[in-house]
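All of the numbers you see were taken from the coordinates with simple rules; none came from a lab. In this text the structure is predicted, and so the values were computed from the model without any measurement. Using ideal geometry, Cβ is built from the backbone for each residue, glycine included, and neighbour counts are taken over all protein chains shown.
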């Protein structure tokens with residue numbers, strides 16, 4: 001039985017420094033002072049497995065006699081243990097699905113979406129990304145999808161490729177997604193092979209000079225949770241700079257909510273969104289413009305996928321029946337579908353909440369005009385013109401811009417011109 005001696009006689013500070021420096025030099029991982037005992041236990045375990053009797057002998061084995069870095073990888077596997085789970089920060093995947101993906105594909109010239117999960121550990125994060133993409137497959141029809149997942153630990157990647165997970169790792173997921181994408185296997189959960197096939201796993205050292213830049217060009221989104229906690233500030237800056245250079249515009253970086261990089265790297269724009277901070281390269285047309293989730297409906301609307309756009313609005317309204325933007329958007333979609341009676345009902349609901357919303361009055365006037373109800377149409381046209389000529393104009397035009405409906409903007413512009421003004 002392996003016996004661990006007291007720390008002060010078993011592993012000196014000088015020996016700790018030697019191993020720590022070697023691990024950082026070869027792998028980029030920095031072992032903090034608080035993890036001294038954890039490193040000692042990992043080293044003693046590996047020494048026992050490999051029949052090595054002294055720390056000095058094991059150090060030279062790692063430094064001089066490990067041409068394929070097999071021994072070093074085994075040690076790093078023990079040192080770097082990231083606990084992770086599916087949908088670990090659920091709001092990140094809500095933002096990814098409803099805002100970031102619609103933003104990126106709306107502004108891309110090519111039908112290709114590339115996402116990198118850096119420091120993916122045992123695969124829960126990249127598979128959560130893959131499931132999120134599968135959930136918006138209609139939106140991504142015709143797109144080439146690439147999900148790259150990397151880690152420094154071979155053991156972690158082997159577990160990831162297996163696609164078998166404990167109940168603990170999936171508990172944060174919505175039950176509907178567990179049922180849809182997993183099968184029970186004893187006490188564990190087996191991930192759908194189609195999701196597993198969406199992810200390309202590979203060993204990557206984030207800080208080494210021979211980083212494979214050519215394989216990571218043209219990224220749209222990077223997830224990097226708790227990776228920077230393993231590095232010194234200099235190495236962290238190096239990694240963040242690589243992320244920035246590899247991202248296209250608009251490009252997004254998701255970090256753990258506990259990680260704030262603003263004091264050490266300023267190239268990214270930090271954006272507070274839905275209670276969390278995400279980082280961006282370039283300028284967003286959606287974040288801070290269209291209300292969250294409605295950006296997804298906006299893309300469906302432009303693609304003339306009206307049923308999907310309506311479903312997004314209904315999902316919002318099921319949780320918040322008084323969401324005025326969702327009501328207006330749903331009314332607008334029904335109008336474009338030719339469902340005039342449905343548009344009338346929905347737009348009237350929005351005006352019951354706030355009857356000074358220009359866009360709702362304008363569309364309701366159009367609904368009545370197309371129904372042949374001239375008196376009602378004239379009443380709402382008059383109300384629209386009154387709103388354009390009052391202090392409400394700034395708020396209403398702002399709402400028009402946020403909802404980004406081309407028809408709405410054109411009609412509002414026409415109405416404003418009738419008053420001799422300019423929107």
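When 222, 195 are arranged by Cβ crowding within 10 Å, least crowded first, meaning fewest neighbours, the order is 195, 222. Remark on the range 168-248: Rg and Dmax equal 17.0, 46 Å (Cα only).
Using Cα-Cα distances under 8 Å and only pairs 6 or more residues apart, what relative contact order does the range 147-215 have, in percent? Write down the numbers at each step before the final one.
On the way: 64 pairs, mean separation 31.9, N = 69.
About 46 percent, as a whole number.
Under conditions of 10 °C and 1.306 mPa s, the range 232-278 yields 140 µm² s⁻¹ as its translational diffusion coefficient, taking Rh as the Kirkwood radius over Cα pairs in the Stokes-Einstein equation.
Once the piece of chain linking residue 348 and residue 168 is laid out straight, how much longer is it, given 0.36 nm per residue of separation minus the C-alpha distance between them?
Details: separation 180, 0.36 × 180 = 64.80 nm, distance 4.66 nm.
So the chain would gain 60.1 nm between residue 348 and residue 168.
In plain terms, the bigger the Kirkwood radius, the slower the diffusion; for the range 90-281, with that radius from Cα pairs, at 4 °C and 1.567 mPa s, Stokes-Einstein puts D at 75 µm²/s.
Taking label positions 7 Å along the Cα-Cβ direction at both residue 111 and residue 248, the computed distance is 1.4 nm, reported to one decimal. Sorting 356, 12 by the number of Cβ atoms found within 10 Å of their own Cβ, with the fewest placed first, yields 12, 356.
Modelled spin-label separation between residue 264 and residue 135, with each label point placed 7 Å from Cα along the Cα-to-Cβ direction: 3.1 nm.
Convex hull volume of the C-alpha atoms in the range 314-374, normalised per residue: 69 Å³.
Given an 8 Å cut-off on Cα distances and at least 6 residues of separation, report the relative contact order of the range 90-281 as a percent. Present the calculation step by step, with values, prior to reporting the outcome.
On the way: 279 pairs, mean separation 42.0, N = 192.
Relative contact order for the range 90-281 comes out at 22 percent.
Neighbour counting of Cβ atoms within 10 Å sorts the residues 159, 43, fewest neighbours leading, into 159, 43.
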